[in-house]
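What follows is a single structure, written as structure tokens, with notes after it.
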Amino acid sequence: MTFGYGDGNAVLKDVSFRIGSHDRVLIQGRTGGGKSTILHLIAGLYRPAAGEIWIGGNPMNAYKKGCVNGNVYYISQFCPVLEDTLYNNLTHFQDKYGEREIAEAVRMAHLDTWMQRKGIGLQSMVGPDDFTQDERQLLAWAGAIIASPRILLADEFDAAIGDGTLEIIDGLIRDRFQDATIVMVSHKGRSTIELQKRIYVEEGGAEVRE
């Protein structure tokens, strides 16, 4: 797979690697080397200039977009918060989830204490100023619990959160996402999750080390 932005320079060139079902994979490398770009490509946010991405034995373009979106969940370092209800921030406007399962996800992500402290319910209006960086991450991971994706992509989630929040998220990865394939990008490598693969991105390529 090869990918470049508008200037024509390839950020990733002839990159090839395989991730197994249920694997825990960490992508590492220099800043600007294409780590986050790989996650964006897997999530379908970008399209490769050459080559293909295969998921479940088929090229990604063989699936309907809704099918990919429903099975792949992306968590960014700076998780966006919409000026909307907490419910919609958690479900991304999907009405197929019940309040009981949403409340359980909120509890598992330890957002319930934040809700109690703020006096906020699922139908309360919230905005970016209502959340710290740690709380934004917990909000995003609660959303991931609700969505229950087959593939979970986490981009530098450990970069700017406290040790307590990191411990909560690591616990969720171990206990709640056992059946998911998880691909993480990290510069600091703070997570204690046991990995099946490390992918080092260097000079526009990628080297897979077990």
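Quick notes on this one:
- Carbon and sulfur %, accessible surface of the chain computed with the full protein complex present, 1.4 Å: 47 percent
- Where labels lie 7 Å past Cα in the beta-carbon direction, separation of D129 and S16 in nm: 5.3 nm
- A Cβ-based charge dipole, computed about the Cα centre of the chain with Lys and Arg at +1 and Asp and Glu at -1, lands at about 480 debye.
- Magnitude of the charge dipole for the stretch 121-160, about its Cα centre and with charges confined to Cβ atoms of Lys, Arg (+1) and Asp, Glu (-1), is about 280 debye.
- In the stretch 1-126, inverting the average of 1/r over every pair of distinct C-alpha atoms gives 17.5 Å as the Kirkwood radius.
- GNM top mover of G164, G143, G57 - the chain, alpha-carbon springs below 10 Å: G57
- Accessible surface, 1.4 Å probe, highest first, among residues R190, R100: R100, R190
- A 1.4 Å probe run over the protein chains yields, for the stretch 92-183, 48 Å² of accessible area per residue, whole-number rounding.
- Against the chain, whose longest principal axis is taken from its Cα atoms, helix 133-147 shows a tilt of about 80°.
- Size of charge dipole - the stretch 1-120 - debye, nearest 20, with Cβ of Lys, Arg +1 and Asp, Glu -1, no other charges: 260 debye
- Average accessible surface area per residue within the stretch 1-89, 1.4 Å rolling probe, Å²: 56 Å²
- Along principal axes, Cα extents of the chain, largest first, whole Å: 51, 36, 34
The values are calculated or read from the model by the stated rules, or taken from the named source; none is laboratory data. From a predicted model like this one, the values you see are computed outputs, not experimental measurements. Cβ: placed from backbone, ideal geometry, glycine included. Neighbour counts: every protein chain shown. Ligands, DNA and RNA are stripped out before the accessible areas are found, and what is left, the full protein with its side chains, is counted by its heavy atoms. Shrake-Rupley method; radii C 1.70, N 1.55, O 1.52, S 1.80 Å.
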